[in-house]
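One structure is given below, encoded as structure tokens.
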There are 2 protein chains.
Amino acid sequence: MSENVELSPVDLDILRLLQNDARITNKDLAAAVGIAPSTCLDRVARLRDTGVITGQHASVDAAKLGRPLEAFLFVQVRPHRRPLVDPFIEHLLSLPEVRAVYHLTGPDDFLAHVATSSAGELQRLVLDELTARDEVARVHTNLVFQHWSGGPLLPPGT
Amino acid sequence: MSENVELSPVDLDILRLLQNDARITNKDLAAAVGIAPSTCLDRVARLRDTGVITGQHASVDAAKLGRPLEAFLFVQVRPHRRPLVDPFIEHLLSLPEVRAVYHLTGPDDFLAHVATSSAGELQRLVLDELTARDEVARVHTNLVFQHWSGGPLLPPGT
DNA sequence: TATGAAAGCCTTTGGGG
DNA sequence: CCCCAAAGGCTTTCATA
């Protein structure tokens, strides 16, 4: 788990491929990067053990789950102290509509990415789960038209 | 790929488990949700075919890749028209530092989540890749102290 | 839509270069 | 650090209800 891990070009190829498809078979992965399957297994295990690979997750379409309306909530928490901040984060993360939370520098302290079923539910979220709390000084809401996301590595072949 | 997909409680359990660990074996997944392995394979295939599951990706630690400094860039693009907007998005997505791009309502049109090696590289990104372009009216930069993220479903057991 | 059984392939381990 | 080879387990298919 040390912060500095040496990554060979082969490791980077493996990461790129697993980032694009976490369920590629070890055999195919080995063939794609040009090493033996057993070697590949070793390398992937090492990438996991050193914390370079932190997990593998299926991506689920929020809209298909009945939450087609996404938004960013910019939240100012005052006073900005641990005894208030830590429970606030816990609260955010316990909400099923919350997809991600970021603690930021700048005038707004937190950014919450949420997916809701409707404008009404979004309003409820803001009024009942955020501004109703004493430590929440203000909330700005921006809707998400569209988004693109990926891992920290460009896909293979670029 | 229709927008409305009926999801049984078993489907939701499957989604939760795959969201948490995309490499769980089909056998274990079937046992966890209480159906036969062959049935489970069918259900997962259906979830894929209907677009509920859109992919499966290994999570890679950006810091371990040498990009420990994350930030959000709020970008105003003027004039806000397709002939300018579409190439701008393409440009953002082609940058290796960019992890996600959001097209938003509000005074700032785009939000880019970036991971950089240093403050110097972040500065270069802002000056050379963003404000150097005619259509970029302004950029606000906020650093990310910490972030938490997950899929649109709460984990199993909550 | 769900199941069980069988065939084949993949993962995984251990020895060796 | 890499590879080969073998054993065991898993995936996947298909007939059946």
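Which shape class, rounded, prolate or oblate, goes with region A:1-78 when its Cα gyration tensor gives a ≥ b ≥ c as root eigenvalues, a/c under 1.5 marks rounded, and past that a/b bigger than b/c marks prolate?
Oblate.
Assign unit charges at the C-beta atoms only (+1 for Lys and Arg, -1 for Asp and Glu), then state the dipole size of chain B relative to its Cα centre in Debye, rounded to the nearest 20.
140
Does region B:103-158 come out rounded, prolate or oblate by the C-alpha gyration tensor, with a ≥ b ≥ c the root eigenvalues, rounded set by a/c under 1.5 and, if not, prolate when a/b is larger than b/c and oblate if not?
Oblate shape, in that a/c is at least 1.5 and b/c is the bigger or equal ratio.
How much accessible area per residue does the protein assembly as shown have, in Å², with a 1.4 Å probe?
On a per-residue basis, 48 Å².
Over the alpha-carbon set of region A:32-158, divide Rg by the Kirkwood Rh and report the Rg/Rh ratio to two decimals.
1.10
Is any residue of region B:34-62 close enough, with backbone N under 18 Å, to a label point placed 7 angstrom from the Cα of B:Lys27 along the Cα-Cβ axis, and if so, which?
Once the point is set 7 Å along Cα→Cβ of B:Lys27, B:34-42 turn out to lie under 18 Å by backbone N, inside region B:34-62.
Quick one: Cα centre-to-centre distance for region A:66-123 and region B:27-76, in angstrom?
22
Suppose a student asked you for the relative contact order of chain A, using Cα pairs under 8 Å spaced at least 6 residues apart; what percent would you report?
For chain A, the relative contact order is 27 percent.
Could you check how many percent of all C-alpha pairs in the protein assembly as shown are farther apart than 25 Å?
Considering the protein assembly as shown, 56 percent of its Cα-Cα pairs are separated by more than 25 Å.
By average Cβ neighbour count within 10 Å, what is the ranking of B:110-121, A:26-37 from highest down?
On the way: B:110-121: 18.9, A:26-37: 14.7.
The peptides rank, most packed first, as B:110-121, A:26-37.
Which of the peptides A:83-91, A:10-18 is most tightly packed, and how do the rest follow, judged by the mean count of other Cβ atoms within 10 Å per residue?
A:10-18, A:83-91
Mind listing, in residue-number order, the residues in region A:107-144 that have at least 20 Å² less accessible area with every protein chain present than in their own chain alone (1.4 Å probe)?
Checking the loss per residue gives A:Leu111, A:Asn142, A:Leu143.
Please identify the trypsin sites (Lys or Arg not before Pro) of region A:74-158 that satisfy two criteria: DSSP loop assignment and at most 10 other Cβ atoms within 10 Å. Which are they?
Those satisfying the criteria are A:Arg81.
Return the average number of partner chain Cβ atoms within 10 angstrom of each residue Cβ along peptide A:67-80.
If you average over the peptide's residues, the count of other-chain Cβ atoms is 1.
Would you please give the residues with an amide H less than 5 Å from that of A:Val60, counting only those at least 5 places away or on a separate chain, with H modeled from the backbone geometry?
So A:Val60 has HN proximity to B:Thr54.
Going by the rotation axis that takes chain A to chain B, pick out the residue of A with the closest C-beta and quote the gap in whole Å.
A:Ala22, 2
If you take the accessible area of B alone plus A alone and subtract the pair, what total do you get in square angstrom, rounded to 100, with a 1.4 Å probe?
Roughly 5500 Å².
With the crude spin-label approximation of a point 7 Å out along Cα→Cβ, what separation in nm comes out for B:Leu84 versus B:Asp42?
Placing both labels 7 Å beyond Cα along the Cβ direction yields 5.5 nm.
Tell me, what % of the accessible area of region B:92-158 is carbon and sulfur with a 1.4 angstrom probe?
Ligands and nucleic acids excluded, carbon and sulfur reach 52 percent.
The values are calculated or read from the model by the stated rules, or taken from the named source; none is laboratory data. Keep in mind that this is a model prediction, so the values were computed, not measured. Methodologically, a virtual Cβ is constructed for each residue, glycine included, from the backbone with ideal geometry; neighbour enumeration extends over all protein chains shown. Note: areas computed on protein heavy atoms with side chains; ligands, DNA, RNA excluded. Shrake-Rupley method; radii C 1.70, N 1.55, O 1.52, S 1.80 Å.
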